[in-house]
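Quick notes on the structure that follows.
Values in this text are rule-based calculations from the coordinates and carry no lab data. On a predicted model such as this, the values are computed, not experimentally measured, just so you know. All Cβ positions, even for glycine, are placed from backbone atoms using ideal geometry, and neighbour counts span all protein chains on display.
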């Protein structure tokens with residue numbers, strides 16, 4: 001596997017698209033969180049001059065791990081797109097066929113793609129950790145690991161997006177179609193998730209049945225549902241009308257879907273003609 005990863009790195013290190021997207025994501029993590037920080041400081045806090053609502057600092061150490069993970073979750077499309085480009089390029093330029101002719105097994109081919117997805121996930125998570133730590137330090141508040149579990153939830157969400165990207169790549173094999181389907185599926189699932197969440201509220205209010213937010217049990221929304229914005233006065237006001245959260249049930253679904261993405265990708269590569 002080490003030699004296979006070295007080969008993957010040789011493909012990447014001089015690839016300008018790879019460099020541009022990595023820089024875009026790294027800057028995007030900081031930029032997105034800075035926008036939230038400034039908005040809270042210049043708009044929310046400024047509007048609360050009378051102290052009618054308790055002050056809330058999303059990047060205080062009590063909240064920074066959760067806030068940074070939640071905000072960065074919205075730009076996880078960037079590394080997922082990069083993975084789609086890299087994986088589908090193997091089919092576009094027939095390098096997957098040449099590698100297998102040269103002695104690489106089909107299983108090794110898909111395993112190394114999964115390992116690259118895992119490395120991307122680890123790198124993204126480390127960057128989120130460093131970003132959250134930096135914002136927390138600049139907040140001037142006492143160091144705390146409160147909400148640190150959300151760094152793990154971020155890892156789970158990033159891995160879900162990346163393995164889903166690999167799955168689409170080995171099935172579609174064409175960059176434009178794979179990215180388009182990625183967008184279409186996420187949009188369709190989000191719409192379905194909203195409808196299921198409305199049904200969840202109706203079940204709770206009309207039937208007294210609280211199954212949680214049913215939209216969070218869908219493949220991509222499972223990992224999404226684990227990342228939430230920190231509790232704040234506005235969120236507290238609306239919480240009573242929403243279904244109860246069952247984070248560990250949602251986490252179990254998210255892990256199950258990871259296995260499904262992995263198995264579908266593996267079976268496709270092992271059982272399809274080159």
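For the reader, a short list of remarks on this structure follows.
- Nearest-ten-degree value, helix 106-138 long axis tilted from longest Cα axis of the chain: 30 degrees
- As a rough footprinting exposure proxy, the listed residues 96, 63 were ranked by other beta carbons within 10 Å of their own, and the order from fewest upward is 96, 63.
- Segment 79-155 and segment 162-188 have Cα centres spaced 16 Å apart.
- Measuring nothing but how far apart in sequence close Cα pairs (under 8 Å, 6+ apart) lie, relative to its length, segment 72-191 scores a relative contact order of 46 percent.
- Its relative contact order, with pairs defined as Cα atoms under 8 Å and 6+ residues apart, puts segment 120-262 at 25 percent.
- Using a Gaussian network model of the chain in which every pair of alpha carbons under 10 angstrom is joined by a spring, one finds that among 101, 249, 184 the greatest mean-square fluctuation is at 101.
- Value of relative contact order over the chain, rounded to a whole percent, pairs C-alpha under 8 Å and six or more apart: 24 percent
- For segment 2-271: rounded, prolate or oblate by the Cα gyration tensor [a/c cutoff 1.5]: oblate
- Degrees between helix 77-92 axis and first principal axis of the chain (Cα, 0 to 90, nearest 10): 10 degrees
- Nearest-ten-degree value, helix 175-202 long axis tilted from longest Cα axis of the chain: 30 degrees
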